[in-house]
Amino acid sequence: MIISNQLRRPRLVLIVDDQEINRDVLGMILEDDYEIIYATNGREALEMIEENLDRLSVVLLDLIMPEMDGFKVLDIVRNDEFLKRIPIIVLTAEKNAELRALQMGAADFITKPFEMHEVILARVGRIIELSEGRQLISAAEHDRLTMLYSKSFFFEYANRIHQYHPEWHMDAVVMDINQFHTINELNGREFGDNVLRILGNEIRAFLGETEGIASRFEADRFDLYCMHQADYQQLLDRFQEKVNTLSRNASIRLRMGVNPWQEGVDPLLLFDRARAACNMVRGDYKTNLMVYDEDMRNHELLNQRLLNDLQRAVDEREFCVFYQPKFNVQCDPPKLSSAEALIRWKHPELGMISPGCFIPLFESNGQIGTVDNFVWNEAARQIADWRDRLGVVVPVSVNLSRVDVFDPALEDTLTGIVERNGLDYKSMKLEVTESAYTDNAGQIIGLINRLRSMGFEIEMDDFGSGYSSLNMLSSMPIDVLKMDMEFVRNIEHSEKDFRLVEVVLDIARYLKVPVVAEGVETQRQMELLRDAGCQLVQGYYFSRPLPPADFEKLILREKEIVREN
Ligand code: C2E
Ligand code: CA
Ligand code: CA
């Protein structure tokens, strides 16, 4: 049978080297397992490749040779539709040449003087297996759009470089595009693809000038593993300029994170940190480059520690809930109307930790549910306790994280809490930040509608920090607008800022919902807001967030006032 015949026939290997001793040694290593043919220079090699095209399993190619060198052969083979399916393993004694050969499409390399025989056999075997197993290996290795390596291939090579050349100082660089999905939405996919292509081209041009490899890691994220550069700002500016040529109407902003080479740190970790650095570049337009440094390392260690400590904190009751009052300023004197529950973490070693430090952390690690559940339960218990002991129902708002809204059990959890504590649904209000609405409008509107129909009141938190259009707003189910603190900060000194507050109040009137102004610190701010028609005020002017016992005093004082009047 033809097939079994073919299978039994040994695979053909071409060894190309101008030095006889090298040909002999390799031949000796491989002869038991393969049929071997030889060439002594590039020109001869090409002829033999053409001749044996249908049978040749792999080429072992020396780089430095007379007549035609190995680079030229590589170049020709890799750019030929038919020849390029044959894998080439490069033989080299020169460290820098290896990398260049890999960039040019060599499948692997073997260093001279030759390593242990078993290693060479295993490498040759593996490359043949790969090329036979995946006919389209080269398509899988490359991203079609940018012609950069696929991510798995990229990491394989990065690891190899790291392993074989621990003395090379290779930096991890991560680059991505701010709000790429928005750019796609506004300008169309084709435009987005063009941006990526142009970046791919420029990255390849850069890699032509220095040693390194690159991949498109995912949609708009690029990974570069390259020889240490002195000035990454310059590199980033170079890429930025390239995309600027495309973006007459669209503003495209690149951002970059770099983790410089560190002795013994493997590429995976190096890139994790480069990505962390990249993610630290926020929307502010001052910096677009972040280099991973000691501060960030400490920050990461702290985060790791907090994550580890979470469960203990719950068990040991290190979390507690503070309450910050909201006052109705349209009454004279202003009247306590409700409160916001704000979590606090009393860490036994680190002291009081602000939620700004751990909420985003637990959100990104999917642990926020544990924290929020605790707060909701605690707040509900507290409302019931005050009602029973003081005879006053103080409605308390709790914060819902943007991640909570994806929890399929959310409605059941909240209902359970309200019912268990015998509360009226209106007395536990839910604050949902504006950006949670805009990030996943469809999903959240459905959820909020259901929660509202159960009787919960919804406050839109940090209003004005997101990007809802008036159009979107009017279809968003909400009961209260909480104006972002930024609006209030400068109203005493800036006419323009005050106008903005008036705009927010107008929007609220249009939506027929009351406004809570947050972050009100001075009497003047409070008066300006009150006179402009803002109904509720929360902030240090009235009170900082208080432990329950102190908040209780506030309730009692209110009762006195009511009784006196
Ligand atoms: P937020 O929901 O916008 O809460 C208001 C923040 O402003 C609170 O910070 C509060 O202490 C602070 N604040 C109140 N009045 C003033 C003022 O007059 N001036 C200034 N400068 N700040 C004022 P806090 O307690 O540090 O909380 C920060 C953020 O952490 C909250 O922002 C909220 O997004 C989040 N957070 C707090 N507790 C929870 C919680 O239980 N669950 C979730 N998911 N997030 C929470
Ligand atoms: Ca809030
Ligand atoms: Ca807020």
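For the stretch 341-381, the Kirkwood hydrodynamic radius from C-alpha pairs, put into Stokes-Einstein at 25 °C and a viscosity of 0.890 mPa s, yields a diffusion coefficient of 226 µm² per second. As a size descriptor, the averaged projected area of the C-alpha convex hull of the stretch 309-564 was calculated at 14.1 nm². Segment Asp550..Met68, full-extension length gain: 164.9 nm, with 0.36 nm per residue of separation and the alpha-carbon distance subtracted. If you wrap the tightest convex hull around every Cα atom of the stretch 501-549 and split its volume per residue, you get 75 Å³. The orientation-averaged shadow of the Cα convex hull for the chain, equal to a quarter of the hull surface, comes to 34.7 nm². Counting 0.36 nm for each residue step from Glu263 to Thr413 and taking away their Cα separation leaves a gain of 49.1 nm. Only helices enter the 222 nm calculation for the chain: every DSSP H run of n ≥ 4 contributes -39,500 (n - 2.57), and dividing by all residues gives -15500 deg cm²/dmol, rounded to 500. Put simply, the C-alpha atoms of the stretch 245-337 give a gyration tensor, and the ellipsoid matching it has half-axes of 40, 28, 9 Å, longest first.
The ratio of the alpha-carbon radius of gyration of the stretch 142-292 to the globular-protein estimate 2.2 N^0.38 Å is 1.00.
Under the classification rounded if a/c is under 1.5, otherwise prolate if a/b is larger than b/c and oblate if not, where does the stretch 342-414 fall, given a ≥ b ≥ c as square roots of the Cα gyration tensor eigenvalues? Cα axes put the stretch 342-414 in the oblate bin.
Ordering of 194-200, 398-404, 465-471, 337-343 by packing is 337-343, 398-404, 194-200, 465-471, highest average first (other Cβ atoms within 10 Å, averaged per residue).
Under the simplified labelling scheme, the Leu121-Asn279 pair shows an inter-label distance of 4.6 nm, with each label point 7 Å from Cα along Cα→Cβ. How many percent of DSSP beta bridges within the chain run antiparallel, rounded to 5? Among the beta bridges of the chain, antiparallel pairing accounts for roughly 45 percent.
Past 23 Å, Cα to Cα, is the threshold; run Lys335/Lys496; Lys326/Lys512; Lys426/Lys559; Lys326/Lys559 against it and keep the listed order. Check vs 23 Å cut-off fails for Lys335/Lys496. Counting heavy atoms of the protein chains alone, Lys72 has an accessible area of about 100 Å² for a 1.4 Å probe. Close amide H partners of Ile64, meaning residues 5 or more places away or on another chain with modelled amide H under 5 Å apart, are Gly70.
Charge dipole (Cα centre; +1 on Lys/Arg Cβ, -1 on Asp/Glu Cβ; no other charges) of the stretch 2-137 amounts to roughly 520 debye.
The values are calculated or read from the model by the stated rules, or taken from the named source; none is laboratory data. This structure is a prediction, so every number in the text was calculated from the model and none was measured. All Cβ positions, even for glycine, are placed from backbone atoms using ideal geometry, and neighbour counts span all protein chains on display. These area figures cover heavy atoms from the full protein model, side chains too; ligands, DNA and RNA do not enter into them. Shrake-Rupley method; radii C 1.70, N 1.55, O 1.52, S 1.80 Å.
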